[in-house]
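Written out below as structure tokens is the structure these notes cover.
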Amino acid sequence: MKKLSYLFIFVILISGIKVKADEGMWLPIFLERLNYTDMQKMGLQLTPEEIYSVNNGSLKDAIVGLSNGPTPQGFFCTGEIVSNEGLLFTNHHCGFGNIQKHSDIDHDYLADGFWAMSRDEELPNEGLSASILYRMEDVTDSIIPNISDTLAGKDRSAAIGEITSRMKKAASEDGKYNVVIKSFFSGNEYYMFVYEVYTDVRLVGAPPSSIGKFGGDTDNWMWPRHTGDFSIFRVYTAPDGSPAEYSEENVPMKPKHHLPINLDPVKLNDFSMIWGFPGGTERNLTSSGIEFKVNSYYPPIIEVFGKKLEVWKEHMSQDKEVKIKYASNYAGIANGWKLFIGQTKGIKDLDLYNEKKAFEDEFQAWIDSDEDRKAKYGNVLEIIDQSNKDKSDGYSVLIFASLSGIGGAELIGYAGDFSALATFMEKYKEEKDKSKKEKKQEKIDKEVQKLKDGIPSQFKNYDMATDEDVFAAMTELYVKNIPADMHPELLVDLVKKYKSDYKAIAAYVFDKSNFSTEAKVMAFLDKPSLKTLEKDPAYILTNEFRSSLMAASANLKQGGDELKTANRLYVEGIRKMQPDKKFYPDANSTLRFSYGEILDYYPKDAVHFDYVTHLSGVIAKEDPENDEFIVPEKLVELYNAKDYGPYGQDGKMIVCYLSNNDITGGNSGSPVMNAKGELKGIAFDGNWEAMSSDIAFAPKLQRTIVVDIHYVLFIMDKFAGAKHLVDELTINVTPPPPPPPPVKMEIVDEVEVVE
Ligand code: ARG
């Protein structure tokens, strides 16, 4: 694949055809050096300064990384600022967790949607943060020359850590900024990212799931798509404009830049640019890495996730409250489960193993033709291959131990929260000195209070009957897939006693445990006793499951320092082998851009997929019997009346469209922009035929699925009546071209009629 695109660029250079870049998640600071000329050729109309500038407001100031927690790391999604009052667009599936948190039987915002009709109705979201990049810097030269080439493992990390912590401190300007330094190209380069992190981000609007998640898990990862996958938030700041924790005094953010919206219809081959925070790719994964994933890594995950989803679904379909409680967890696991299945299929369909193998053979030949290369890179592939083989053996046990044991039923995870209390109580018991005993009691009391305070959040989304069935199913998987010598003693006894009836085992554990209902936990914490805790079956199991997980990970040959060094040298080597190729680093939750065009595709022989879908397609998919395909009545009415306001085009309403931009998880919610940096849509998915895209880009098949901005505004304005939000936006429409000058006509007096 890489080779293919290399050849492709070469052909373009010699033939002078318009460049059609698509692969690549590029770093903003290299825009001018690596990409700008290509982008201009493809139609970009902005200057580099208008896109990325540290001193003046530029496009990058409107791009937001969303994370759970106050640090600019692990962005789960992207968002974009779209008004000068901090309004932010992202996906519905990105807002889903927070929409769920605000929902209950009486306010089911997942089912009914949510629209704040005034500022004071906007809902704060504890923990949610919005990070905006202030500047970034290549700091490789401050790090690599100071680290010896032979330094590896912990010593290498420690030496690097020492340098980077000094740099971070200086760049934070006394805490004004939040600074992250990350390694790129497998440790060959380092970059520093300086952010402002806003922690008061409020929910403003969300369509009902029958629009925002239309098509559900059936349509997920697929085209043709008809999902209005957007939700709206607002960033607030302290009155002086600085980031601040939630407070009533806070005011809507005044951004340095917000994205204008463009209402011209999308056209095939239009320039398309996406900015955002892709989470992770492994574009340099080797053939042995692919084998490991397909044979040892994905199958156990697919099995455990599939089982859990089955149990959850059964309970969710029977009880509306359970459905709300588990909606967010269900969506997350269902998304990952389908992704792993699709990746397995994509790897096979696209024959990625052989593609990588051919590239590795070429790399090895390049190495073997030179003595210095042999000395440096000679055994790199061998080390990587061996490590993939080594870890293949024990990996499935590790996955089952972690996902069906300690990570199986929620009860087991929760019981683990009581181990600190157990430790404090043991210490109290052993202490003979009276005054010291008092101190120890204080510690116990504090821990008890902490656990009491945590009860509401533990039980808010908990349903015991559901969890009991999850326990039964997970324990059965555990027993069947993990060697007998790693089974917890208690489990062995229970399996014997109940003759492998896992439902009966679950009933026993949930009945006897002190952690399965709010009332029982409260009663236990009112009179905490070490003896009770030590007899609690969930507590015993959590400890034993943890021990077997540790054993499974100790048994596994994970490949240590040697592997890290080999990975670094592999990437260094393949870059040296192709000195004229432009390289982009793997995604790692840092700001990137991708450019390409609006494009259709041929998913298989004789089948063509167009690049837009319409509201008529939503209506065609309607199925009142199927929860995933219900269409709200109001939407049907608007469709029947063709009441699309200024958002329709020739009597049609576009819903989604496709581009060939290179994105991955974390890019969800990213702005999709035209050549002028105006918003045309919000990226929300990838397509089924190219699910292996994190491992290799497939130019002919890989597409980004975008919800068209016309549909977003139509839903806000016509469906939800939230015109006040549309009024906040800056909306551009290219004026129609002036009418052609009148042509002077010769006056013909007589018309000859031919009979
Ligand atoms: N596939 C999308 C992504 O990973 C998420 C779509 C969520 N929708 C769903 N039905 N689970 O970004």
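The figures follow:
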| read-out | value |
| --- | --- |
| Odd one out for Val251 among (1) within 30 Å of Lys634 (Cα to Cα); (2) among the aliphatic types (A, V, I, L, M); (3) away from the ligand (no atom under 16 Å from the Cβ) | (1) |
| Asn178 away from the ligand (no atom under 16 Å from the Cβ), within 30 Å of Tyr584 (Cα to Cα) and more than 25 Å from the chain's Cα centre (by Cα) | no |
| Options Ala683, Ala675, Ala722, Ala698: the member that is more than 25 Å from Leu87 (Cα to Cα) and of a type in the set (A, V, I, L, M) | Ala698 |
| Residue count, segment 87-101 (criterion: away from the ligand (no atom under 16 Å from the Cβ), in contact with a strand residue (DSSP E or B) (Cβ under 8 Å, 6 or more places away or on another chain) and over 22 Å from Thr664 (Cβ atoms)) | 1 |
| Number of positions in segment 470-526 that are among the small types (Gly, Ala, Ser), crowded, with 20+ Cβ neighbours inside 10 Å and outside any helix (DSSP H, G or I) | 2 |
| Residue match in segment 707-714 (condition: crowded, with 24+ Cβ neighbours inside 10 Å, among the aromatic types (Phe, Trp, Tyr), more than 12 Å from the ligand (Cβ to nearest atom) and under 15 Å from His226 (Cα atoms)) | yes |
| Conditions (1) assigned to a helix (DSSP H, G or I); (2) modelled with pLDDT under 95; (3) β-branched (Val, Ile, Thr): number failed by Val19 | (1) |
| From Lys323, Lys313, Lys308, Lys348, residue being surrounded by fewer than 19 Cβ atoms within 10 Å (Cβ to Cβ), modelled with pLDDT of 95 or more, within 16 Å of the ligand (Cβ to nearest atom) and basic (Lys, Arg) | Lys313 |
| Any hit, segment 696-704, residues being more than 16 Å from the ligand (Cβ to nearest atom), basic (Lys, Arg) and surrounded by fewer than 20 Cβ atoms within 10 Å (Cβ to Cβ) | yes |
| Number of the condition not met by Met425 [criteria: (1) surrounded by 20 or more Cβ atoms within 10 Å (Cβ to Cβ); (2) under 15 Å from Leu541 (Cα atoms); (3) hydrophobic (A, V, I, L, M, F, W, C)] | (2) |
| In segment 667-689, the residues that are hydrophobic (A, V, I, L, M, F, W, C) and either within 10 Å of the ligand (Cβ to nearest atom) or in contact with a strand residue (DSSP E or B) (Cβ under 6 Å, 6 or more places away or on another chain) (or both) | Val672, Met673, Ala675, Leu679, Ile682, Ala683, Phe684 |
| Criterion (hydrophobic (A, V, I, L, M, F, W, C), over 23 Å from Gly69 (Cα atoms) and surrounded by fewer than 24 Cβ atoms within 10 Å (Cβ to Cβ)) met by exactly one of Ala152, Ala238 | Ala152 |
| Segment 189-237, subset small (Gly, Ala, Ser) and in contact with a strand residue (DSSP E or B) (Cβ under 8 Å, 6 or more places away or on another chain), residue farthest from the ligand (Cβ to nearest atom) | Gly205 |
| Lys429 free of Cβ contacts under 8 Å to residues at least 12 places away in the same chain, farther than 20 Å from Leu309 by Cα, assigned to a helix (DSSP H, G or I) and out of contact with any helix residue (DSSP H, G or I) (no Cβ under 6 Å at 6 or more places or on another chain) | no |
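Yes/no per residue for (1) acidic (Asp, Glu); (2) outside any loop (DSSP other than H, G, I, E, B); (3) more than 16 Å from the ligand (Cβ to nearest atom); (4) surrounded by fewer than 17 Cβ atoms within 10 Å (Cβ to Cβ):
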{"site": "Asp61", "(1), (2), (3), (4)": "yes, yes, yes, no"}
{"site": "Ser67", "(1), (2), (3), (4)": "no, yes, no, no"}
{"site": "Gly74", "(1), (2), (3), (4)": "no, no, no, yes"}
{"site": "Glu85", "(1), (2), (3), (4)": "yes, no, yes, no"}
{"site": "Ser103", "(1), (2), (3), (4)": "no, no, yes, no"}
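Rundown of residues vs (1) in a helix (DSSP H, G or I); (2) polar (S, T, N, Q); (3) modelled with pLDDT of 95 or more, yes/no style:
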residue: Ala538; (1), (2), (3): yes, no, yes
residue: Thr542; (1), (2), (3): yes, yes, yes
residue: Ser548; (1), (2), (3): yes, yes, no
residue: Ala552; (1), (2), (3): yes, no, no
residue: Gly559; (1), (2), (3): no, no, no
residue: Ile574; (1), (2), (3): yes, no, yes
residue: Asp580; (1), (2), (3): no, no, no
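The values are calculated or read from the model by the stated rules, or taken from the named source; none is laboratory data. None of these values were measured; they are calculated from a predicted model. For neighbour counting, all protein chains shown are included, and Cβ atoms are generated from backbone atoms with ideal geometry for every residue, glycine included.
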